[in-house]
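Structure, as structure tokens:
The values are calculated or read from the model by the stated rules, or taken from the named source; none is laboratory data. None of the values given here were measured: they were computed from a predicted structure. When we count neighbours, we look across all protein chains shown, and the Cβ atoms used for this are built from the backbone with ideal geometry, even at glycine. Side chains are part of the model used for accessible areas, which takes the heavy atoms of the whole protein and leaves out ligands, DNA and RNA. Shrake-Rupley method; radii C 1.70, N 1.55, O 1.52, S 1.80 Å.
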Amino acid sequence: MNRHFTSTIKPPAQQGIAGYWFIFKDQQLLVIENEGSTDVPWLADPEDLGIPVARQQYLGYLDDESPIHCFSAEIDNGTDPAPGISFQGLRSLYGRLPDDLFWLAGRAVQIVDWDRTHQYCSRCGKPAQTMENERAKKCSSCGFTSYPRLSPAMIVRVCRKGPSGPEILLARAHHFRPGMYSVLAGFVEPGETVEQCVEREIFEEVGLRVKDVRYFGSQPWPFPNSLMLAFTAEYDSGDIVLEEEEMDAADWFAPESLPQIPAPISISRRLIDDFIAKARQPAI
Ligand SMILES: [Zn+2]
């Protein structure tokens with residue numbers, strides 16, 4: 001069961017209190033591997049691992065019988081791991097770490113990355129100070145304030161009534177692994193609503209018009225700093241015309257003849273699983 005997480009930047013008053021440490025070397029998480037299990041280290045001080053820490057942050061706490069404190073930190077690229085310690089890409093840890101710790105690691109990597117890349121003001125180049133009362137940095141010279149950056153992206157499932165039942169539009173971008181198809185996705189542009197983004201991306205990538213665009217859910221996607229906003233839509237008009245620079249293939253699929261689809265980590269898979277579940281329900 002996932003524990004509730006409270007995000008806060010104020011660390012516990014007591015010094016040296018133990019907690020989970022999400023320690024990154026570049027985008028890779030430090031984990032301890034022991035007899036087939038993979039764990040986030042539980043430490044009072046990250047330097048107990050014998051690895052010098054460049055920067056550290058307090059993330060907040062998990063609610064349990066008593067609060068479980070969570071910290072993030074960054075170490076230098078050149079650091080070699082001690083025996084039993086390894087650095088692993090976040091995606092490879094899905095299903096190997098408990099879900100709540102996996103998503104906390106996704107939160108941590110974005111905070112660590114933001115802290116590293118915002119040491120100086122992006123307006124005037126002078127040093128930026130970490131603010132005490134919010135997750136922000138303020139320039140010591142011109143006062144410019146910066147916050148952790150998020151890039152909203154939309155992901156959309158398009159369905160239609162086919163000749164023998166419901167069908168889902170799935171497509172392949174050139175960068176997908178061979179044989180895999182998914183629902184369409186794209187980044188929101190400045191000045192655009194997410195609904196407009198849904199309609200624009202579908203038209204640009206596969207040449208179709210859609211209707212009945214509805215919100216489905218959202219998911220943080222820390223690869224590197226997206227927030228995925230998921231929608232469903234119904235086919236309205238047009239024939240599939242691929243945007244060939246980006247897209248390799250697109251087609252309509254019945255639930256019983258789907259191609260390879262994404263792993264359960266992503267909201268794209270939730271959209272597809274929801275289509276399959278609804279298609280199996282008897283018509284009322
Ligand atoms: Zn400045």
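Count of segment 144-170 residues, restricted to those that are in a strand (DSSP E or B), free of Cβ contacts under 8 Å to residues at least 40 places away in the same chain and more than 20 Å from VAL210 (Cα to Cα), is 2.
Count of segment 87-128 residues, restricted to those that are away from the ligand (no atom under 16 Å from the Cβ) and either buried (at least 17 other Cβ atoms within 10 Å of the Cβ) or outside any loop (DSSP other than H, G, I, E, B) (or both), is 27. Within segment 55-72, track down each residue that is open to solvent by less than 50 Å² (accessible area, probe 1.4 Å) and either of a type in the set (Gly, Ala, Ser) or over 13 Å from PRO11 (Cβ atoms) (or both). GLY60, LEU62, ILE68, SER72, listed by residue number. Beta carbons closer than 8 Å, at least 6 apart along the sequence or on distinct chains, pair a first residue in segment 110-128 that is farther than 26 Å from ILE23 by Cα and of a type in the set (D, E, K, R) with a second that is within 15 Å of the ligand (Cβ to nearest atom) and in a loop (DSSP other than H, G, I, E, B) for ARG123/CYS142; ARG123/PHE144; LYS126/SER140; LYS126/SER141; LYS126/CYS142. Against the test of being aliphatic (A, V, I, L, M), outside any helix (DSSP H, G or I) and in contact with a Ser or Thr (Cβ under 7 Å, 6 or more places away or on another chain), the options LEU30, LEU59 yield a single qualifying residue, LEU59. Any residue in segment 143-156 that is out of contact with any strand residue (DSSP E or B) (no Cβ under 7 Å at 6 or more places or on another chain) and within 14 Å of the ligand (Cβ to nearest atom)? Scanning segment 143-156, I find at least one residue that is out of contact with any strand residue (DSSP E or B) (no Cβ under 7 Å at 6 or more places or on another chain) and within 14 Å of the ligand (Cβ to nearest atom), so the answer is yes. One residue alone among GLU205, GLU195, GLU189 is of a type outside the set (Lys, Arg), within 30 Å of ARG91 (Cβ to Cβ) and open to solvent by less than 50 Å² (accessible area, probe 1.4 Å), and that residue is GLU205.
Among the residues of segment 208-223, those that are farther than 13 Å from PRO152 by Cβ and open to solvent by less than 80 Å² (accessible area, probe 1.4 Å) comprise LEU208, VAL210, VAL213, PHE216, GLY217, PRO222, PHE223. Just one of (1) within 22 Å of the chain's Cα centre (by Cα); (2) of a type in the set (Lys, Arg); (3) modelled with pLDDT of 95 or more fails for ARG149. It is (3).
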